[in-house]
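The values are calculated or read from the model by the stated rules, or taken from the named source; none is laboratory data. Not measured: the values here are computed from a predicted model. With ideal geometry, Cβ positions are generated from the backbone for all residues, glycine too; neighbour counts draw on all protein chains shown.
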Amino acid sequence: MRIPTSPFGAGGDVTVLNPATAEPVAVVPLADLAETDAAIERAHRAFPAWRAVAPADRARLLRNFAAVVDSHLEELAWLEVANAGHTIGNARWEAGNVRDVLTYYSASPERHFGRQIPVAGGLDVTFHEPLGVVGVIVPWNFPMPIAGWGFAPALAAGNTVVLKPAELTPLTAMRLGELALEAGLPEGVFTVIPGKGSIVGERFVTHPHVRKVCFTGSTSVGKGIMRGCADQVKRVTLELGGKSANIVFADADLEKAAASAPGGAFDNAGQDCCARSRILVEHTVYERFLELLQPAVEGFRVADPSQPDAEMGPLISARQRDSVAAYLDGADVAMTGQTVTRSGFWLAPRVVLPRGVEDPVWRHELFGPVVAVLPFTDEADAIAKANDTEYGLSGSIFTRDVGRALRVARGVESGNLSVNSHSSVRYWTPFGGFKQSGLGRELGPDAPNSFSEVKNVFISTDS
Ligand code: NAD
């Protein structure tokens, strides 16, 4: 396996482990503050030339980048299996997602239209001006897609990008940085800086040349970033935690709802901000739903992530596994799924019956393969229980009643809902959170707008 190189190193290094085996995969040199400043300075200097690249040429460079990612799809996917313990099936989807997001936003430079607004005595037009240097901060749970959701629309809108991957999972982002150069993006336009959150990430917040921070991670760190950005009124997008509800009504296709529930909660070992980690079941079918859920949980295939049929691999680290396992102490565990008994950060999926809505397994984002199930009485109770959380990222509704599906979808305070499915994020539709799950939206047709400022220009026709 080819390990990407890092031009940094003054900030020490980190040994990256394979979560499936706990064996070292690579030692990654980290950037210190001075190296971070120098990289931001290079991105700042690269900005005027990048914004001046003709729209069709910027589009072509992004299409080249997508093509180079495509020709390295297998390499990127296997790198993610080794670094993050993702199943090979998921990792291939993730590398393909970077290619597709780049392709989608490569259409944007030629279509990022302003407006012509009727005025007396002249012409009024608006322009979308790029911001400058954009800092993208990425968590460890989906290192490739989340990086792409930030850098692709930011580059398309004419910004240069500095990107900090998570300490635990820097390898695929570093490789994407190399591939960008191979695709012909000029030096300094897209720079991946491996380093600590408290050094590199913090510097994105405090450095005046970074004009926007696009952060994905925990709600607590996100709040600190928002506070820090306030000092310079720096633009910020936050994609934070979640505790999403999967609401199952009695009139639903219960077999389908039960069969799909483990995937909605345990994909990526539950380390998914959109995980449907709370299941709400209408009380009349609660027992029947649990009966149907049992074989689905026990059949959810937990295996070495390199196996093509693996549905779930290990957790990211010993720390993450232990933090999730601590919630199981004394919990009423109704079902336990498969696990792998060998070294590595493995934890069997669990279905827990909480003691009520104050139970920590019902309220906290565990970020692991644990799902809690509670009954509800009627539609109003389902919506109230789904909304009884500080989060609002995602959710699912299972019912055969179209009117109810729409009423509940409108009633749940959440940015992304799916009916009779646990739809994953689609790059051509907007994604983001209500309440403490985030601020702003990523992806979809409007993402380049959030990486630009609207400028209004009036041209007088007076002679
Ligand atoms: P985290 O907040 O600990 O770290 C995220 C990133 O921020 C990392 O790169 C980290 O190095 C950096 N960071 C840490 N401290 C920082 C600081 N003071 N200043 C600047 N940067 C700093 O989160 P995590 O543990 O890597 O990821 C898990 C969290 O991410 C979960 O809460 C999950 O829900 C959330 N998440 C949200 C989404 C979404 O789209 N809403 C997607 C994936 C993950």
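Looking only at residues of the stretch 423-463 that are more than 16 Å from the ligand (Cβ to nearest atom), of a type in the set (D, E, K, R) and modelled with pLDDT of 95 or more, we find that the one that is nearest to the chain's Cα centre (by Cα) is Asp446. For the stretch 106-142, filtered to residues that are closer than 27 Å to Thr87 by Cβ and crowded, with 22+ Cβ neighbours inside 10 Å, the residue that is nearest to the ligand (Cβ to nearest atom) is Pro139. If you check Ala230, Ala173, Ala180 for being away from the ligand (no atom under 11 Å from the Cβ) and either in contact with a helix residue (DSSP H, G or I) (Cβ under 9 Å, 6 or more places away or on another chain) or in contact (Cβ under 8 Å) with a residue 12 or more places away in the chain (or both), only one passes: Ala180. Within the stretch 244-291, the residues that satisfy the criterion of being buried (at least 23 other Cβ atoms within 10 Å of the Cβ) and of a type in the set (Val, Ile, Thr) are Ile247, Val248, Ile279, Val281.
Of the residues Pro24, Pro55, Pro48, Pro29, the single one that is exposed (fewer than 15 other Cβ atoms within 10 Å of the Cβ) and in contact (Cβ under 8 Å) with a residue 12 or more places away in the chain is Pro55.
Please enumerate the residues belonging to the stretch 233-261 that are within 15 Å of the ligand (Cβ to nearest atom) and over 18 Å from Ser437 (Cα atoms). Hit for the stretch 233-261 is Lys234, nothing else.
Please find, within the stretch 183-198, the residue that is nearest to the ligand (Cβ to nearest atom) out of those that are among the β-branched types (Val, Ile, Thr) and out of contact with any Ser or Thr (no Cβ under 7 Å at 6 or more places or on another chain). I'd like the intermediate steps shown before the answer.
First, the residues of the stretch 183-198 that are among the β-branched types (Val, Ile, Thr): 189, 191-193.
If we keep only those that are out of contact with any Ser or Thr (no Cβ under 7 Å at 6 or more places or on another chain) as well, we get 191-192.
Working: Thr191: 15, Val192: 12 Å.
Applying the filter and picking the extreme gives Val192.
Is it the case that the stretch 81-89 has a residue that's away from the ligand (no atom under 16 Å from the Cβ), hydrophobic (A, V, I, L, M, F, W, C) and buried (at least 21 other Cβ atoms within 10 Å of the Cβ)? Reasoning before the result, please.
Going residue by residue through the stretch 81-89, those that are away from the ligand (no atom under 16 Å from the Cβ) are 81-82, 87-89.
In the following step, the residues that additionally are hydrophobic (A, V, I, L, M, F, W, C) were identified as 81-82, 88.
Filter once more, so that each one left must be buried (at least 21 other Cβ atoms within 10 Å of the Cβ): 81-82.
Checked the stretch 81-89: at least one residue is away from the ligand (no atom under 16 Å from the Cβ), hydrophobic (A, V, I, L, M, F, W, C) and buried (at least 21 other Cβ atoms within 10 Å of the Cβ).
Within the stretch 201-221, residues that are touching a residue at least 60 places away in the same chain (Cβ under 8 Å) have Cβ atoms under 7 Å from residues that are among the basic types (Lys, Arg) and not in a loop (DSSP other than H, G, I, E, B) in these pairs: Gly201/Lys164; Phe204/Lys164; Arg211/Arg235; Lys212/Arg235, counting only partners at least 6 apart in sequence or on another chain.
Of the residues making up the stretch 405-422, those that are part of a loop (DSSP other than H, G, I, E, B) and either under 17 Å from the mean Cα position of the chain (by Cα) or among the hydroxyl-bearing types (Ser, Thr, Tyr) (or both) number 4.
Please work out if Val402 is crowded, with 17+ Cβ neighbours inside 10 Å, more than 15 Å from the ligand (Cβ to nearest atom), of a type in the set (A, V, I, L, M, F, W, C) and over 24 Å from the mean Cα position of the chain (by Cα).
Working: crowded, with 17+ Cβ neighbours inside 10 Å: no; more than 15 Å from the ligand (Cβ to nearest atom): yes; of a type in the set (A, V, I, L, M, F, W, C): yes; over 24 Å from the mean Cα position of the chain (by Cα): yes.
In short, no.
Exactly one residue out of Gly395, Gly368 is closer than 27 Å to Ala20 by Cβ, within 16 Å of the ligand (Cβ to nearest atom) and either in a loop (DSSP other than H, G, I, E, B) or in the same structural domain as Val302 (by TED's automatic domain parsing) (or both), and it is Gly368. Scanning the stretch 332-374 for residues that are touching a helix residue (DSSP H, G or I) at 6+ places or on another chain (Cβ under 8 Å) and among the small types (Gly, Ala, Ser) yields Ala334, Gly337, Gly356, Gly368, Ala372.
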